[in-house]
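The values are calculated or read from the model by the stated rules, or taken from the named source; none is laboratory data. Being a predicted model, the structure only gives us computed values, none of them experimental. Reconstructed Cβ throughout: ideal geometry from the backbone, glycine too, with neighbour counts over all protein chains shown. Please note that ligands, DNA and RNA were not included when accessible areas were found on the heavy atoms of the full protein model with its side chains. Shrake-Rupley method; radii C 1.70, N 1.55, O 1.52, S 1.80 Å.
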Amino acid sequence: MIVVNDVYKRYRTDHGPGKWVLQGINLRIPPKINVGLVGRNGAGKSTLLRLIGGNDTPTRGTVERRCRVSWPMGFAGGLQGSLTGRQNARFICRIHGHESDMAERIAQIEDFCEIGDAFDEPVKTYSSGMRSRLQFGMSLAFDFDVYISDEVTSTGDAAFRDKALAAFRKLTDRAGLIMVSHAENTLTQFCKAGILLHDGQAHWFDDIGDTLKAYKTTLAAS
């Protein structure tokens, strides 16, 4: 269970506090359910994912993670740029207490992300797509109750996208998923429920089809 309780979020600018991105968000996301998160560009989807994943903190309110939640796949933060991909993977293995099987997990990460020799180059030299691949590969190497995906299925070439989709199919057999994607067919393929972000508010739907209908209504009204 993930509980988002009266969460507000805004970022400071050079001129002081910016406008509210999220305003009074209240959600209870049940375990082992796949949720599609939709909203127009700038609605706060990535912000909400970072808050749920613990990569950011609310300006007001709380996020309770009563289960093991991954960092957002596709999110470029959380990597130490001066370290190589392999060194970042080692660091994450240590954090999660996998000293004994570290070599096996790092090999799994290297194989999945398919970035070749760049795995041993500093992450600050990576493209955004390579960073996303590394984050995705590291997420898959560990067992979480809920995985978070921020447009990761649109990363890379067609072969890698197919690989990512296959990985998601395996994940949904054993864990929950919170997914942002602009591809409607991807959302309907993987998600049962949905969240619509609109005007800083979050609206829960038990059916992803109803979520997408409501989203299209907001687009038509703009």
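Miscellaneous remarks
- The set of residues in the stretch 10-55 that are surrounded by fewer than 22 Cβ atoms within 10 Å (Cβ to Cβ), assigned to a strand (DSSP E or B) and either β-branched (Val, Ile, Thr) or touching a Ser or Thr at 6+ places or on another chain (Cβ under 6 Å) (or both) comprises 13, 29.
- Failed criterion for residue 63 (all others in (1) among the β-branched types (Val, Ile, Thr); (2) assigned to a loop (DSSP other than H, G, I, E, B); (3) touching a helix residue (DSSP H, G or I) at 6+ places or on another chain (Cβ under 6 Å) hold): (2)
- Looking across 42, 53, 16, one residue alone is without any contact (Cβ under 8 Å) to a residue 40 or more places away in the chain, more than 28 Å from residue 221 (Cα to Cα) and of a type in the set (Gly, Ala, Ser). It is 16.
- Selection from the stretch 67-96 of residues that are at pLDDT below 85 and part of a loop (DSSP other than H, G, I, E, B): 74, 75, 76, 77, 78, 79, 96
- Elements of type helices (runs of 4 or more DSSP H) contained in the stretch 109-222, each with 3 or more residues being over 24 Å from residue 47 (Cβ atoms) and open to solvent by less than 50 Å² (accessible area, probe 1.4 Å): 158-171
- Among the residues of the stretch 205-220, those that are in contact with a strand residue (DSSP E or B) (Cβ under 6 Å, 6 or more places away or on another chain) and in contact (Cβ under 8 Å) with a residue 60 or more places away in the chain comprise 208, 211, 215, 218.
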